[in-house]
Number of protein chains: 2
Amino acid sequence: MKKIGILGTGTVGKTIGSALIKLGYEVKMGSRTSDNASALEFVQTNGSKASNGTFSEAAQFAEIIFNCTLGMASIQALELAGKNNLSGKVVIDISNPLDFSKGMPPSLSVCNLDSLGEQIQRKFPETHVVKTLNIVNCEVMVNPSKSGGDPTMFLCGNDEKAKAETVEILKQFGWNDILDLGDITNARGTEMLLPIWVRTYIATKNGYFAFKIIR
Amino acid sequence: MKKIGILGTGTVGKTIGSALIKLGYEVKMGSRTSDNASALEFVQTNGSKASNGTFSEAAQFAEIIFNCTLGMASIQALELAGKNNLSGKVVIDISNPLDFSKGMPPSLSVCNLDSLGEQIQRKFPETHVVKTLNIVNCEVMVNPSKSGGDPTMFLCGNDEKAKAETVEILKQFGWNDILDLGDITNARGTEMLLPIWVRTYIATKNGYFAFKIIR
């Protein structure tokens, strides 16, 4: 099984990391400093397949890297992970460029004619960026049936092999209805689902929903 | 039954207008000129409850007006309809600010911190703008089961009575799962579904899909 790096020690990173360990993967969680309390707790909770280190150490260790950092901090976190450490590897980008500085609900710091997924791909041209999972709460990411049905997950990226490896993990998480939109420019479409996500969350007071493309 | 005005003589206007006539409504289709060929054909096809005229005549006639013009031309069409003719009335805005000038798939001419629905509401403050239906193909608008399931329709607007009247029509079209997002600023969320709509259409080669919020 491929070795996994998780960038980000928040709820999203811990939820993705724990789910991957349950599936049998080795997971190294990376953060700015190697003594991050949340990462240490993750290692203590998840046993021998879990480890932690700096962003750079997590990227060096891994063949597949999940970007679970906040969208506004993602480029910087990936720079700390190191261009060389990410070269030739798969980065599964599940972040969103949410901007909380212009009022609530949050807006997007980039959208329409560009996207965070594209920005990351341009900044790290030797890395295979796959955008997916960013359109649901992290508990639904690793267990789509938690939404109450069989929802749709989109993915996009420029590299077919990277997308195939990502689809394998999505299937292991329980996603059955996976829609490949094509190259990374399609991250514009999936990131622009966030404004309706936040408004649906506010209207329904339920964060465990998901999108289904009925067709 | 409320009298309906349709602004726009394209496929969307004709599909909405014909469906409303089948439901028993009187419908006047408005266009720039009163001799528009598409509007005349609509009248010939739909019998005595159908009529046509200028944008202004359609707005004068109607209690509820559907904006079925292209998004980039909507403000101008509504100005031709006349501020006074729209005052105190419900405008159901089903248009999208699609911009085909910056490459395909189309982008949005306004999004994120503003929306076409809000622009219309600001321009016509005495009109009750309700944004809805813009997220599906027009045949699905008037027959949601055509998607193959029971999809979700969002609506938003500042006036509760206008939204209640809109919900009545949505139910008559067959929508069961209707989600009120709140005021007109939520049009940012529903209009920003278009980038994923066009990409899903390209990926699936099927225009008869719809969104379901599984919850």
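Which condition from (1) at the interface with chain B (Cβ under 7 Å from one of its Cβ atoms); (2) crowded, with 21+ Cβ neighbours inside 10 Å; (3) closer than 26 Å to A:Met1 by Cα is the one that A:Arg188 breaks?
Checking A:Arg188 against (1) at the interface with chain B (Cβ under 7 Å from one of its Cβ atoms); (2) crowded, with 21+ Cβ neighbours inside 10 Å; (3) closer than 26 Å to A:Met1 by Cα, the one that fails is (3).
Test A:Ile94 against the stated conditions and say whether it is more than 14 Å from chain B (Cβ to nearest Cβ), crowded, with 20+ Cβ neighbours inside 10 Å and closer than 22 Å to A:Glu63 by Cα.
yes
Against the conditions (1) of a type outside the set (Lys, Arg); (2) over 16 Å from the mean Cα position of the chain (by Cα); (3) closer than 24 Å to A:Asn137 by Cβ; (4) assigned to a strand (DSSP E or B), where does A:Ile6 fall short? Just the number, please.
(2)
Has segment B:36-53 got at least one residue that is part of a helix (DSSP H, G or I), among the charged types (D, E, K, R) and under 22 Å from B:Asn137 (Cα atoms)?
Within segment B:36-53, one or more residues are part of a helix (DSSP H, G or I), among the charged types (D, E, K, R) and under 22 Å from B:Asn137 (Cα atoms).
Hey, which of the helices (runs of 4 or more DSSP H) in segment B:90-201, taking only ones fully inside, have at least 3 residues that are of a type outside the set (Ser, Thr, Tyr), closer than 16 Å to B:Asn67 by Cβ and at pLDDT 95 or above?
B:116-123, B:160-173
Looking at segment B:173-185 only, could you name the residues that are more than 8 Å from chain A (Cβ to nearest Cβ) and more than 18 Å from B:Asn112 (Cα to Cα)?
B:Phe173, B:Gly174, B:Trp175, B:Asn176, B:Asp177, B:Ile178
So that you can scan it fast, the table gives a plain yes or no per residue for (1) touching a Lys or Arg at 6+ places or on another chain (Cβ under 9 Å); (2) more than 22 Å from A:Gly103 (Cα to Cα); (3) touching a residue at least 60 places away in the same chain (Cβ under 8 Å):
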position: A:Gln172; (1), (2), (3): no, yes, yes
position: A:Ile178; (1), (2), (3): yes, yes, no
position: A:Asp183; (1), (2), (3): no, yes, no
position: A:Gly189; (1), (2), (3): yes, yes, no
position: A:Phe209; (1), (2), (3): yes, yes, yes
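Just the residues that are assigned to a loop (DSSP other than H, G, I, E, B) and touching a helix residue (DSSP H, G or I) at 6+ places or on another chain (Cβ under 6 Å), please, taken from segment A:62-89.
The answer is A:Cys68, A:Thr69, A:Gly82.
Can you say whether B:Gly174 is closer than 26 Å to A:Cys156 by Cα and not acidic (Asp, Glu), as far as the supplied structure shows?
No: the conditions fail for B:Gly174.
Scan segment B:73-109 for residues that are under 18 Å from the mean Cα position of the chain (by Cα) and without any contact (Cβ under 8 Å) to a residue 12 or more places away in the chain and jot them down.
Correct list: B:Ala73, B:Gln76.
Within segment A:51-68, is even one residue more than 22 Å from A:Val130 (Cα to Cα) and either touching a Pro at 6+ places or on another chain (Cβ under 9 Å) or among the hydrophobic types (A, V, I, L, M, F, W, C) (or both)?
no
Name the residues in segment A:110-167 that are among the charged types (D, E, K, R), surrounded by fewer than 20 Cβ atoms within 10 Å (Cβ to Cβ) and under 17 Å from A:Leu193 (Cα atoms), would you?
Across segment A:110-167, the qualifying residue is only A:Asp114.
Residue check, A:Lys161 against (1) more than 11 Å from every other protein chain (Cβ to nearest Cβ); (2) in contact (Cβ under 8 Å) with a residue 60 or more places away in the chain, all met but one. Which one?
It fails just one condition, (2).
The values are calculated or read from the model by the stated rules, or taken from the named source; none is laboratory data. Bear in mind that the values here come from a model prediction, so they are computed numbers and not experimental data. Using ideal geometry, Cβ is built from the backbone for each residue, glycine included, and neighbour counts are taken over all protein chains shown.
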